[in-house]
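Written out below as structure tokens is the structure these notes cover.
The values are calculated or read from the model by the stated rules, or taken from the named source; none is laboratory data. No experiment lies behind these values; they were computed from the predicted model shown. All Cβ positions, even for glycine, are placed from backbone atoms using ideal geometry, and neighbour counts span all protein chains on display. Side chains included, ligands, DNA and RNA excluded: accessible areas come from the protein's heavy atoms. Shrake-Rupley method; radii C 1.70, N 1.55, O 1.52, S 1.80 Å.
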Amino acid sequence: MRIAVVGATGMVGEVMLKVLAERNFPVTELIPVASERSVGKEIEYKGKKYTVVGLQTAVDMKADIALFSAGGETSLEWAPKFAAAGTTVIDNSSAWRMDPTKKLIVPEINASELTKEDKIIANPNCSTIQMVLVLAPLHKKYNIKRVIVSTYQSITGTGVKAVQQLENEYAGVQGEMAYKYPIHRNAIPQCDSFEDNGYTKEEMKLVRETKKILSDNTIAVTATAVRVPIVGGHSEAVNVEFSNDFEVAEIQNILHHTDGVVVQDNNDTFTYPMPMYAQGKDDVFVGRIRRDESQPNTLNMWIVADNLRKGAATNTIQIAEYLIAAKLV
Ligand code: 2RA
């Protein structure tokens, strides 16, 4: 497979290259793509050096699949050009996610929706992916009425500039700010910009994308997204109201048998998910599974995942793997 990685020099792009190699993805030719300022740089993949090319050059090279992590503007302008050249695009930005003509895919949930006609496929937001992977089997079994989610998001979700800000603040050095406020010893209740309804774009991604991926607009979702000074992954406190009652043990068993989900849930041994231990792994970890005693048919959970892996690079590559296995590319 001729694979283009658009945004190859960025944080997610670098993880994409790592995951492609780890999973021994069938790459016959790698095309690292970045903005003009990075053209000519060399990157290494599986011990071989590759020269970064620009977007138009990459379009002309007619990759089979292009894995995009280059921001919404670049994707809006260039994904159609890659698609017109016959390349299937899997995009990590929010540009196409809510487009009714584009599929929003978590392979374990809805990859079967994909067809040969899908030339631009949207990868959901990281905080959405980890939540819906856990919710999907529970929705099927108990029918979800409402979800309340509070997130505790890694600064890697913002990018290199945020990691540098935290390191500067650790060192007591004044540097460029990724956030409006210090992140060291702080929690910032704002991920991305605000929408007119008082919620942030990140919170509304959780609301809108959850309904689309689970194909159910009746599910009520509300979210509060918070940035915290950690790097291993995103954590989420999720409260779910079902139409039907449940047994906690049955929920644990369902999740234990769900592809891509690992249950870490034992208070006697202080076993529960934490970003420090989720970092670098592709699974979504769930624990603190317990009945919400304040309301019937309602459950509390704690969900953690590496936002750069299952939240971005790995999910994207799993979509590409599905396309190949299903002979859609
Ligand atoms: C964040 N999910 O964490 C967003 C984008 N990666 O900032």
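Out of the residues in the range 83-94 that are in a loop (DSSP other than H, G, I, E, B) and touching a residue at least 40 places away in the same chain (Cβ under 8 Å), state the one that is surrounded by the most Cβ atoms within 10 Å (Cβ to Cβ).
The qualifying residue surrounded by the most Cβ atoms within 10 Å (Cβ to Cβ) is 92.
Return yes when residue 183 is touching a residue at least 24 places away in the same chain (Cβ under 8 Å), more than 16 Å from the ligand (Cβ to nearest atom) and buried (at least 16 other Cβ atoms within 10 Å of the Cβ) and no when it is not.
No: the conditions fail for residue 183.
If residue 242 satisfies all but one of (1) more than 21 Å from residue 126 (Cβ to Cβ); (2) open to solvent by 20 Å² or more (accessible area, probe 1.4 Å), what's the number of the condition it fails?
Single failed check for residue 242: (2).
Give the number of residues within the range 56-74 that are charged (D, E, K, R) and assigned to a helix (DSSP H, G or I).
Total meeting the criteria: 2.
I need the helices (runs of 4 or more DSSP H) fully contained in the range 95-175, keeping only those with at least 1 residues that are within 14 Å of the ligand (Cβ to nearest atom) and open to solvent by 60 Å² or more (accessible area, probe 1.4 Å).
160-171
Restricting to the range 261-280, name every residue that is open to solvent by 90 Å² or more (accessible area, probe 1.4 Å) and not aromatic (Phe, Trp, Tyr).
267, 268, 276, 279
Taking the range 304-329 only, how many residues are among the hydrophobic types (A, V, I, L, M, F, W, C), open to solvent by 10 Å² or more (accessible area, probe 1.4 Å) and over 21 Å from residue 70 (Cα atoms)?
Total meeting the criteria: 5.
If residue 114 satisfies every condition in (1) under 24 Å from residue 3 (Cα atoms); (2) within 14 Å of the chain's Cα centre (by Cα) but one, which is the exception?
Just one mismatch for residue 114, condition (2).
What are the pairs with Cβ atoms under 7 angstrom where one residue, in the range 189-204, is open to solvent by 50 Å² or more (accessible area, probe 1.4 Å) and the other, located anywhere, is in a loop (DSSP other than H, G, I, E, B)? Sequence gap at least six, or different chains.
Final answer for the pair search is 201/192; 201/193; 201/195.
Determine the pairs where a residue that is within 19 Å of residue 185 (Cα to Cα) and polar (S, T, N, Q), located within the range 230-243, has a partner that is in a strand (DSSP E or B) and open to solvent by 10 Å² or more (accessible area, probe 1.4 Å) with Cβ atoms under 9 Å apart, the partner being 6 or more residues away or on another chain.
235/152; 235/302
Let me spell it out: the conditions are (1) open to solvent by less than 40 Å² (accessible area, probe 1.4 Å); (2) under 21 Å from residue 154 (Cα atoms); (3) not hydrophobic (A, V, I, L, M, F, W, C), and residue 258 meets all of them except one. Which number is the exception?
Unmet condition: (2).
Out of all the residues in the range 213-228, is one or more modelled with pLDDT of 95 or more, out of contact with any Ser or Thr (no Cβ under 8 Å at 6 or more places or on another chain) and within 16 Å of the ligand (Cβ to nearest atom)?
Looking through the range 213-228, none of the residues is modelled with pLDDT of 95 or more, out of contact with any Ser or Thr (no Cβ under 8 Å at 6 or more places or on another chain) and within 16 Å of the ligand (Cβ to nearest atom).
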